[in-house]
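Every read-out reported here was derived from the displayed coordinates using simple, explicitly stated rules and does not represent laboratory data. Because the structure is a prediction, the values reported are computed rather than measured. Note that we place each Cβ from the backbone using ideal geometry, even for glycine, and neighbour counts take in every protein chain shown.
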Amino acid sequence: MASDMTSSVTAPDSVQCPVCFKDFKPATINGHLDACLMKSDSSQSTMNESEPPLKKTRISAEAEPPSPSVNKNLASSSCVAGTPSSSVFSLFQANKSKVSVQSERGGMFSSKQTAAAAVNKGGKMNLLSEAEAGPAGTENLKSQPTGSNGQTLKSSNDVSPRTLLTIDKPLAEILRPNTLEEYFGQSKVVGQQTLFRSLLDSQEIPSLILWGPPGCGKTTLAHIIASTSKKKGTARFVTLSATSTSTNEVREVIKQAQNELRLCKRKTILFIDEIHRFNKSQQDTFLPHVECGTVTLIGATTENPSFQVNAALLSRCRVLVLEKLSVEAMGSILDRAVATLGIRVLGRDPANPKDEDQSDGHEPKIFIEQKALNTIAYLCDGDARAGLNGLQLAVQAQVSLSRPKSLGQDGSREILVTEEHIKEGLQRSHILYDKAGEEHYNCISALHKSMRGSNENASLYWLGRMLEGGEDPLYVARRLVRFASEDVGMADPSALPQAVSAFQACHFIGMPECEVILAQCAVYLARAPKSVQIYKAYANVKACLRNHKGPLPPVPLHLRNAPTRLMKEVGYAKGYKYNPAFSGPVEQEYLPDELQGIDFFTWTPSEP
């Protein structure tokens, strides 16, 4: 029995051709395969003579020969269906199993129907052109958005509300613009008459540091540069993230860039996301290569480059400051998103006629209130990523809740996304505040200057902005203690005890109970009279010490302490007048001879 099984495996009676699925004897399969492949090449070139040839798709050979009508459209239906073929291509397989014939045949017919539906809807078939796929054909499919069911999306324009539920990537990533015409909110940087726009059009991109808050479009701008460079073929684009890239990987990319420049005369644009995550020594790796032009560096950071990027590297790059997106810009981004996804806005005429009939009996009709879009634009605080992902979350939740629970229920239904659904998804206002970054110093400076200007309302606002953003209350309390002496000073000596008491109370009870204590102290300091005499007088003392030329004057002998006999014999403490021993004022000098008669409250330091 074992010998029979071995013989059946090693010497099959018939072998199935993987191209036409016909059975042949092992001795004749090689000659037939050569002829069959030649025939397949000629037929495919005839069908697509107006388009560049695509990479052949290989289909698993465990199926019976399909009907002529299916075999005629086999290549096109395979591509349109979007289902990846088997990566394992077995040239010779024994025709031993007929179990999966019906399932394979059903899959082919469904692919054909999908292709026909795509042609009927305007010919938007999911085929990759040579410009998109590159020389490798379908290898670049890995970079396309892919749903959880294996469906590959060509672009954001093909995304439907049903596909929205099966996409693995966030909506902000799927709808990332590829052109400056779809890039909203940064007209000061990339507007028509800006320097950067002209450099991008001429493909003369300098090394850049993109600085801006999260979700303002730093990474998107880098991708637009990459897309433009790929279309014109002027440079290759490499993306790295400082959060997961080692120095060795950076050196390897630079080595490839050197070879590319030497052999192909093509530049390399290196995009480093979160470049502030690199330490000073890692940033020094780029210096010689940016200097000599081996790579064009584009770094993106949310932190102030003055503090987080090496001065030497900063001097070799141009800093582009991207602003937080305005409410109007967020509205344009959201309008583009709902139009792409086929979502209707209540009270607004459909921008696309096909939106009138977006439901085919299976997909739901999705509507959203204009008020809901306005809520996203206001609550996301200029963060396009948070806004788009919040929209996706709200739509996904409502579609899931309204999904038919039985096959007998009518599939055509309407879904309405309201303002309450959006607020539930976003939970609260997205406050931009980084306790260790630029916004930390901006807010504490605003609080200090508002109290100095005796504006109690502004003082409360900036205090609330910091506390609601997650700031440490003890840090704020320490700044209030400093303010009590620096700006109030002797005009209200009780201000300092008030501030110290507020610090101790915050230490005792913590947040959120201590927020009202800090508010009371901030209002007290804002209303208190102001005096900077102490602050200025001490600043004059420091200037006097730093501007003094030569050795500092010695302490007068009569002011020195004399704990030993030798020191007394030398003259320490000689002639000192003990003030409590006198009933009236004592005439006595307390400054060195060089500083006699100086008044630091009125003295103006001279230039050093």
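Given a Förster distance of 30 angstrom, what is the FRET efficiency for D201 paired with L346, based on the Cβ-Cβ distance and rounded to 0.05? The calculated FRET efficiency here is 0.15. With q set to 0.14 Å⁻¹, the log10 of I(q)/I(0) for the stretch 443-506, from the Debye formula over equal scatterers at the Cα positions, is -0.37.
Put simply, the amide H of K267, placed in the peptide plane, has neighbours under 5 Å in R236, leaving out anything fewer than 5 places away on its chain.
In this structure, the amide hydrogen of S241, modeled 1.01 Å from its nitrogen in the peptide plane, lies closer than 5 angstrom to those of D273, counting only residues at least 5 positions away or on a different chain. Which pairs, out of K230/K255; K230/K267; K188/K324; K218/K265, put more than 22 Å between their alpha-carbon atoms? In this structure, K218/K265 exceed 22 Å between Cα atoms.
Sorting the segments 292-302, 571-581, 506-516, 380-390 by their residues' average number of neighbouring beta-carbon atoms within 10 angstrom, most packed first, yields 380-390, 292-302, 506-516, 571-581. The slack in the chain from N178 to M511, taken as 0.36 nm per residue of separation less the alpha-carbon distance, amounts to 115.4 nm.
What size of dipole, in debye to the nearest 20, comes out for the stretch 177-279 about its Cα centre when the only charges are +1 on Lys and Arg C-beta atoms and -1 on Asp and Glu C-beta atoms? Show your work: numbers first, answer last.
Details: 14 positive and 9 negative charges, 78 e Å.
For this selection, approximately 380 debye.
Backbone geometry of the stretch 471-479 corresponds, through the Karplus equation with coefficients 6.51, -1.76 and 1.60 at θ = phi - 60°, to 3J(HN,Hα) couplings of 5, 5, x, 5, 5, 4, 4, 5, 5 Hz, x marking Gly and Pro.
With a simple spin-label model that places each label point 7 Å from the Cα along the Cα-to-Cβ direction, the separation between L595 and E291 comes to 4.6 nm. For the pair N374 and M490, label points projected 7 Å from Cα toward Cβ lie 5.7 nm apart. With a cut-off of 20 Å on the backbone N, the residues of the stretch 459-498 near the modelled label site 7 Å out from A537 along Cα-Cβ are 482-497. A crude spin-label estimate for the pair K449 and N30, with each label 7 Å from Cα along the Cβ direction, gives 8.5 nm. Taking 0.36 nm per residue of separation and subtracting the current Cα-Cα distance, fully stretching the chain between K169 and R546 would add 129.7 nm.
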